1. If you take every residue apart from LEU124 with its C-beta less than 13 Å away from the C-beta of LEU124, what net charge results, scoring Lys and Arg +1 and Asp and Glu -1?
2. Hey, what did region 58-184 get for relative contact order, percent, Cα under 8 Å, at least 6 apart?
3. Using alpha-carbon pairs under 8 Å, 6+ residues apart, how would you state the relative contact order of the chain in percent?
4. At 1.306 mPa s and 10 °C, plugging the Kirkwood radius over alpha-carbon pairs of the chain into Stokes-Einstein gives what diffusion coefficient in µm²/s?
5. Output needed for region 171-238: three equivalent-ellipsoid semi-axes, defined as square roots of 5 times the C-alpha gyration tensor eigenvalues, in descending order, whole Å.
6. Once phi is turned into ³J(HN,Hα) by the Karplus curve 6.51 cos²θ - 1.76 cosθ + 1.60 with θ = phi - 60°, what whole-Hz value does each residue of region 7-12 show in order, with x for glycine and proline?
7. Using the beta-carbon distance between LYS203 and LEU134 and R0 = 30 Å, what value does 1/(1 + (r/R0)^6) give for FRET efficiency, to the nearest 0.05?
8. Work through the residues other than PHE192 whose Cβ is under 12 Å from its Cβ and net out their charges, Lys, Arg +1 and Asp, Glu -1.
Amino acid sequence: MSRKVIIAGNWKMNKTAAEGKALVEALKPLVADVCPDVADIVVCPPFTTLAAVVEAAKGSNIKVGAQNVHWAASGAFTGEISAAMLKEAGVEYVIIGHSERRQYFGETDATVNQRLKAALAAGLKPIVCVGELLEEREGGRTEQVLAAQLTGGLAGLTPEEMTRVVIAYEPVWAIGTGKTATPEMAELTHNFIRCTLNDLFGKEVGEGVRIQYGGSMKAENAGELVAQRNIDGGLIGGAALKADSFAALIHNAIAK
Ligand code: PGA
């Protein structure tokens, strides 16, 4: 089954509205040659930068995502943003359960699951992050950890809902560290994730789910990573913060 590549830039807590607009304006001509049926290009700015980036991306092949979403429709949840608010802002994708949210903000598989359901109900396209810590990999527990994150995070989804979800596999030890899993090591883990999805949702659905790799992906290693059978794109932090490095990464990822 052929799955369309998806490259998403996670800007994290970087770029004001003016800086985000400038980045998208610079990126647009550099990726204008990428056909929308070959790859989805997504940028995920902070909440306050979303409106400027949605405006700047209009009419281009660049799509916009948020970095988090709350599960409730509205209410007394200081500091949170609902799915309807994101939809109204013109957002299409949303990252859920990034390891930094798990590590610093108490995100669990249960809260990932609640956020995911709210995102799906609102018609957003969720990018659900999973990944093991260094000590979990070294202790031989990678598969156990990922199986628990997938089973808990995706609990209660129908197979139809699962077709709208993207998974991002990000080994936590590779995020922002310059350490990347080798393409072979990443592929083995992606294959495990694929098998788990097949078990949970049936082979027809599992084979269609796009699984991104994340963690120090850059122009230099994107090609060999995305060439792996079960690696369908990337979730990019540092290398997505400059137009030229992000554009080069995108081109290398889709070069056959
Ligand atoms: P990195 O971050 O590319 O800077 O390692 C990836 C991520 O956290 O999504």
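1. Counting the neighbours of LEU124, the net charge comes to +3.
2. Relative contact order comes out at 23 percent.
3. Relative contact order comes out at 20 percent.
4. The estimated diffusion coefficient comes to 88 µm²/s.
5. 23, 11, 10
6. Running phi through 6.51 cos²θ - 1.76 cosθ + 1.60 with θ = phi - 60° gives 10, 10, x, 9, 6, 6 Hz.
7. Plugging the Cβ-Cβ distance into 1/(1 + (r/R0)^6) gives 0.40.
8. Net charge around PHE192: -3.
No value in this document is a laboratory result; all are computed from the given coordinates. As the structure is a computational prediction, the values presented were derived from the model and not from experiment. Reconstructed Cβ throughout: ideal geometry from the backbone, glycine too, with neighbour counts over all protein chains shown.
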